[in-house]
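The values are calculated or read from the model by the stated rules, or taken from the named source; none is laboratory data. Since this is a predicted model, take the numbers as computed values, not measurements. A quick note on method: Cβ atoms are made from the backbone with ideal geometry, for glycine too, and the neighbour counts reach across all protein chains shown. Heavy atoms of the whole protein, side chains included, go into the accessibility calculation; ligands, DNA and RNA do not. Shrake-Rupley method; radii C 1.70, N 1.55, O 1.52, S 1.80 Å.
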Amino acid sequence: FEKSGKDAVAEIDMSEMYAQHANSVIRTIKLIDNTKVIIADKIEWAGDEKLVQWQILTDAEITLNGNKAELYKEGEKIVATILQPAGAVFEVVSAEQAEPEMKNAGYRQLIVKRTETGNCSEIEISIT
């Protein structure tokens, strides 16, 4: 964790959790000027299965526009923007589950999903 003025950066090594599919998974979370969060994942693949999926669970209303998603709740709005990879778009799917899982009634998942062909993937999302 590093902090400088209104900015902060934290890096999390998630490699152990994804060892079956990747040699390395590093998540970097940046807070910029106390107003913007950037979440960046860098994956170095170990095998042939290379499905990248980034998601958040929300009960907010979501409006999609390509690489941007606007989330509205209780009169407030946040905007999520895919910065990398180029050409990626958001999709929304229901988060509701069957028993014995939590039902998640009224919740949705905002998802970026891509199948990669190279040995390294990067996904970067800005939230303002």
What is the magnitude of the charge dipole of the stretch 41-128 about its Cα centre, with +1 placed on the Cβ of each Lys and Arg, -1 on the Cβ of each Asp and Glu, and no other charges, expressed in debye to the nearest 20? 220 debye
What residues qualify as long-range amide H neighbours of Ala22, i.e. H under 5 Å apart, gap of 5 or more or another chain, H built at 1.01 Å from N? Ala46
Over the stretch 29-128, with every protein chain in place, what whole percent of the accessible area is carbon and sulfur at 1.4 Å, could you tell me? 48 percent
How much accessible area per residue does the chain have, counting only protein heavy atoms and a probe of 1.4 Å, in square angstrom? 66 Å²
Nearest 0.05, what FRET efficiency do Val93 and Thr115 give at R0 = 25 Å with Cβ-Cβ as r? 0.90
Straight-line reach from Lys6: which lysines have a Cα under 22 Å away, not including same-chain ones fewer than 8 places off? Lys30, Lys36, Lys77
Rounded to whole Hz and in sequence order, give me ³J(HN,Hα) for the stretch 96-101 from the Karplus expression 6.51 cos²θ - 1.76 cosθ + 1.60, θ = phi - 60°, writing x for Gly and Pro. 5, 10, 8, 4, x, 5
Correct choice for volume of the Cα convex hull per residue in Å³ that was computed from the model, options (i) 154; (ii) 122; (iii) 134: (iii)
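If exposed trypsin sites (Lys or Arg not before Pro) are those in a DSSP loop with at most 11 other Cβ within 10 Å, what is the longest stretch of the chain that has none? Mind dumping the intermediate values first?
Working: sites that count: Lys6, Lys103.
It works out to 7-102.
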Of the GluC sites (Glu not before Pro) in the stretch 14-64, those whose Cβ has at most 12 other Cβ within 10 Å and which sit in DSSP loop: Glu49
State, to one decimal in nm, how far the label point of Glu11 lies from the label point of Ser24, with both points 7 Å from Cα in the Cβ direction. 0.9 nm
Straight distance only, please: which aspartates and glutamates reach the Cα of Lys50 with their own Cα at less than 13 Å, same-chain residues fewer than 8 apart left out? Glu116, Glu122
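Filter the GluC sites (Glu not before Pro) in the stretch 70-128 down to the DSSP loop ones having no more than 16 other Cβ atoms within 10 Å, then list what survives.
On the way: sites: Glu70, Glu74, Glu76, Glu91, Glu96, Glu101, Glu116, Glu122, Glu124; in loops: Glu74, Glu96, Glu101, Glu116.
Qualifying residues, ordered by number: Glu74, Glu96, Glu101, Glu116.
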